[in-house]
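Accompanying notes for the structure given below.
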Amino acid sequence: MRHIIWDWNGTLADDLPTVVRCVNLSLAAIGENPIVADDYRDHYTRPVRSFYDSLLNRSVTDSEWATIDEVFHVEYARAAAQVPLALDARRAIDLVAARGGTQSILSMWWHDDLSTEVDRHGLAELMVRVDGNTRDAGETKERLLDIHLRAVGGNGAVMIGDAVDDALAAQRIGIDCIVYDGGSHHRDELEKLGAPIAGSLVEAAEMALAQP
C-alpha cells in the first residue's frame with residue numbers, strides 16, 4: 001500500500017505570497033529593501049539564515065538575524081489563519097484516499113502551529129500522522145523525515161514537496177520524492193535534482209501512486 005508524505009508550506013498550503021510579505025517585513029526591520037516572489041525563488045535555501053545571506057549578498061549579523069527571525073515568525077503567525085490550501089490540495093488528498101493510500105504531513109514549521117492549521121482545513125482525520133518542528137530553527141528536514149518515516153512505517157512511502165530540501169532529504173533517507181512545481185523554487189532549479197516534477201498536486205499524487 002502506498003503512503004504519501006505531504007510537505008505543508010508551499011505544497012498543501014499556498015503560502016508563498018504570505019511568506020514574501022513576511023520576508024519583506026523582516027527586511028524592513030533591518031533597513032533593507034523589499035523583494036518580489038521571483039527574488040524569493042531565486043535565493044531560497046535552507047538553513048533560512050543562508051537564504052538571507054544570499055538574498056542580501058552579505059552575511060547577516062547575529063543581531064540582524066535575531067530581528068529577522070522574530071519579525072518573520074510573529075508576522076507569519078498573525079497571517080497563518082488566512083493562508084489557503086493550494087487550489088487542488090483537497091482533490092489530491094481525496095484521490096490518494098480513494099485509491100487506498102495512506103497519508104501524513106511533515107513540515108519544518110512549528111508543530112503546534114502546523115497542527116492548528118491542519119485542523120482548521122479539516123485534514124487531520126485524513127492523516128495517519130502530522131509532524132512539525134518541535135526543536136529549533138536549525139532543525140533539518142532530513143532528521144525530521146527519518147523520525148517521521150519510522151513512525152508511519154517506511155514501506156511504500158513517497159514524499160511530495162516543493163523544495164530542494166524535500167527532495168534531498170528524501171534521497172538521503174532512501175525514499176522517492178515527487179517535486180511540486182508551485183512553491184519555493186523555479187522549475188529549472190528543480191530539474192537539477194533528477195527527481196520527477198509535477199505541475200499540480202493532483203498530478204503529483206497520480207505520479208506517487210504509480211511509483212513501483
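The values are calculated or read from the model by the stated rules, or taken from the named source; none is laboratory data. Here the structure is a predicted model, which means the values were calculated and not measured. A quick note on method: Cβ atoms are made from the backbone with ideal geometry, for glycine too, and the neighbour counts reach across all protein chains shown. To get the accessible areas, we keep the full protein, side chains included, count just its heavy atoms, and leave off ligands, DNA and RNA. Shrake-Rupley method; radii C 1.70, N 1.55, O 1.52, S 1.80 Å.
Computed extension gain for Asn155 through Arg99, at 0.36 nm per residue and net of the alpha carbon distance, reaches 18.5 nm.
Put simply, the convex hull of the Cα atoms in segment 138-212 casts, on average, a shadow of 5.0 nm².
Hydrophobic, long helices, defined as DSSP H runs whose alpha-carbon span along the helix axis is 18 Å or greater and whose mean Kyte-Doolittle value is at least -0.5, occur in the chain at 16-29, 62-79. Within the accessible area of the chain, the carbon and sulfur atoms contribute 47%, probe 1.4 Å, all protein chains present.
Rolling a 1.4 Å probe over the heavy atoms of the protein chains gives the chain an accessible area of 46 Å² per residue. In a fully extended conformation the segment linking Ile35 and Ala124 would gain 28.6 nm over its present Cα-Cα distance, using 0.36 nm per residue.
Within the shell of other residues whose beta carbon sits under 12 angstrom from the beta carbon of Ser26, the net charge comes to -3, with Lys and Arg scored +1 and Asp and Glu -1.
Remark on Cys177: its backbone amide H falls under 5 Å from those of Met159, a criterion applied only to residues 5 or more positions apart or on other chains, H modelled at 1.01 Å from N.
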